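Values in this text are rule-based calculations from the coordinates and carry no lab data. What you see is a predicted model; the values in this text were computed from it and never measured. Every residue, glycine among them, receives a Cβ derived from its backbone with ideal geometry; neighbour counts consider all protein chains shown.
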Amino acid sequence: MPRPAICSRITGRGRGFFMHRGGDCGDREICESARVDDAIAACTRLIDDGRAQGTALGQLYYKRGAAYLAKYQRVPGLADIDRAIELKPDLAEAYIARARANGFNNHDKERLKRVLADYTKAIDLKPDNYEAFYYRGTFNDWQKSYDAALADYNRALEIKPDDIKTLHMRSRLYQHIGEYERALADCEALVRLDPSEERLLHRGAAYVAVGDYERALADYDAYERRKPGGPSIHSGRAAAFEAKGDYERALSEYNEAPHCSECRWPILGARLDVLQAGQVRRGFGRCGPSLGRRLEE
């Protein structure tokens, strides 16, 4: 009779050693960390094997459920997550997974209450889990519970000060509620952590909001040197010129935005505002000549 192999990989959550025969170790590795289709197949083999029981079985259901949810297969994913919670009720990650799946594009008030309860349960189980605070923050943000969202983002960043996604969401929330200086501080932190083109674009918008137009334009110029063209850079620069009162240059930037099928109503609306504010009588080119003619009348 072959001796059982010891799967010595300790998972990210510290669940220790597992005693299984030969190939099961490979399945457990795949279930824990492989591509979703392979993970679903491996987890299913381990579940159907019948040897995993109790909390170990709950962990397998959680991993398979998370893989299903990663494929946007919500029904089997939630069924597995529910089973995981039954078998392992102290698994914080399962409550987060269930909350995220149930909270997506959902307007059922009772279900939304359960979403919030799941996030709170995850936090109760693991008060140092910054992701639970982050996700509850995004949920509260979406629900327009801005004070609660800000408190969650703040707590997430106390636990992990350099978390880029939380800093990004908090900067957006600060901007939304009119805390422009704080939004800028978060944008500056983001640029230090991730000096990518998109971060420069966001910081440029934050500079515009606080009235620092020269720094805003410097960020937009740096963005364009790295990533030429596109409506975002022209719209951003136009907003800076418009705020400065330089309507001619603002209109020139709006005119550089992609035309026709790539146009978006926000750009057209902003260009209309510029034309009205500066009393500039110019056509809108290929992107909307009828609007330009209407202003001329």
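Which FRET efficiency value, to the nearest 0.05, do you get for ASP37 and SER196 by plugging their Cβ-Cβ distance into 1/(1 + (r/R0)^6) with R0 = 30 Å?
Working from the Cβ atoms, E equals 0.45.
Return the subset of LYS144/LYS165; LYS165/LYS244; LYS109/LYS160; LYS71/LYS227; LYS71/LYS160 for which the Cα-Cα distance in this structure is over 26 Å, preserving the input order.
Check vs 26 Å cut-off fails for LYS165/LYS244; LYS109/LYS160; LYS71/LYS227; LYS71/LYS160.
Given 0.36 nm per residue, what is the gain on full extension from LYS109 to GLU86 after removing their alpha carbon distance, in nm?
5.9 nm
Based on Cβ point charges of +1 for Lys and Arg and -1 for Asp and Glu, what charge dipole magnitude is obtained for the range 70-179 about its Cα centre, in debye rounded to the nearest 20?
380
Would you work out which of MET169, ALA218, HIS234 lies farthest towards the positive end of the dipole of the range 153-240, given +1 charges on the beta-carbon of Lys and Arg and -1 on that of Asp and Glu, about the Cα centre?
Highest projection toward the positive end goes to MET169.
Over all directions, how big on average is the projection of the convex hull of the alpha-carbon atoms in the range 90-142, in square nanometres?
3.1
Could you give the length gained by full extension between ALA222 and ARG172, i.e. 0.36 nm per residue of separation minus their alpha carbon distance, to one decimal place?
15.9 nm
Using Cα pairs closer than 8 Å and at least 6 residues apart in sequence, work out the relative contact order for the range 90-142, in percent.
The value is 39 percent.
Tell me, what does the Kirkwood hydrodynamic radius of the range 150-254 come to in angstroms if you use every pair of distinct C-alpha atoms?
Over the range 150-254, the inverse of the mean reciprocal pair distance is 14.0 Å.
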